[in-house]
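Comments concern the structure below.
The values are calculated or read from the model by the stated rules, or taken from the named source; none is laboratory data. Note that the coordinates shown come from a computational prediction; the quantities given were computed from them, not determined experimentally. Don't worry about glycine lacking a Cβ; one is built from the backbone with ideal geometry, like all the others, and counts go over all protein chains shown. What goes into the accessible areas is simple: the full protein's heavy atoms, side chains included, and nothing from ligands, DNA or RNA. Shrake-Rupley method; radii C 1.70, N 1.55, O 1.52, S 1.80 Å.
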Amino acid sequence: MKERSHEELPDEALAALVQSGDPSLWPALAARVLAMMAPIVARRVQQADREDVAQDALVRFYLAMPSYTPARGALRAFVSILTRRQVADYYRRRNTDPDTADIEDLADIIDEGAAVYANPGVLPELEEVAGERAWRVIQKRLDGYSWAEVAAELALTEGQAKMRMKRALGKMRRYLEDVDGQA
């Protein structure tokens, strides 16, 4: 019987081999992971910083690898979560776009939910956890409304709108942590 080459292995199987102590396969896994990260980084990071952010995300992946198990979701979802977090960290360090930090947090939560459930259709459950009033704020922010526009549309102050979003994000993250802990 012919042994399969690492190019033929699914991503999760290749990751399992690296985790089990075969460092010779790390370059192949790293190349695949970087290919998964590239579109996320390209959409969100200015060209001059893309390589640095991708390399930092790869280091983040390497350090987080011991916590990855295919039972929790596809490798692509795991990589997506880590990459989005690295991009968010990039913006926080640069402090150039603080108004979108809440949207990045929401994207992370949705990705985590998709990984936990191995199902990208987790939004209805997260909507229920957030609550109807907070979900309206989230929808407006996802639609690109500024905080001032959200507040005007929903007859709130900007502070009230931000607090609803912050509390909802916290509730959704705790919910996913509880679900993940039961898995």
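Taking the stretch 46-72 as the region of interest, how many residues are β-branched (V, I, T) and either under 21 Å from R93 (Cα atoms) or open to solvent by 90 Å² or more (accessible area, probe 1.4 Å) (or both)?
2
Of the residues A30, A48, A38, A57, only one is in a helix (DSSP H, G or I) and at pLDDT below 90; which?
Exactly one residue qualifies, and that residue is A48.
Could you grab the pairs with beta carbons closer than 6 Å, sequence gap of 6+ or different chains, first residue in the stretch 132-160 and in contact (Cβ under 8 Å) with a residue 40 or more places away in the chain, second one surrounded by 12 or more Cβ atoms within 10 Å (Cβ to Cβ) and of a type in the set (D, E)?
Every condition considered, the pairs that remain are W147/E158.
From (1) over 30 Å from E149 (Cβ atoms); (2) open to solvent by 50 Å² or more (accessible area, probe 1.4 Å); (3) modelled with pLDDT under 85; (4) of a type in the set (A, V, I, L, M, F, W, C), pick out the condition that doesn't hold for L123.
(1)
In the stretch 153-169, which residues are of a type outside the set (D, E) and over 20 Å from E125 (Cβ atoms)?
Answer for the stretch 153-169, where residues must be of a type outside the set (D, E) and over 20 Å from E125 (Cβ atoms): L154, A155, L156, T157, G159, Q160, A161, K162, M163.
Just need a number here: residues in the stretch 33-45 that are touching a Lys or Arg at 6+ places or on another chain (Cβ under 9 Å) and open to solvent by 70 Å² or more (accessible area, probe 1.4 Å).
0
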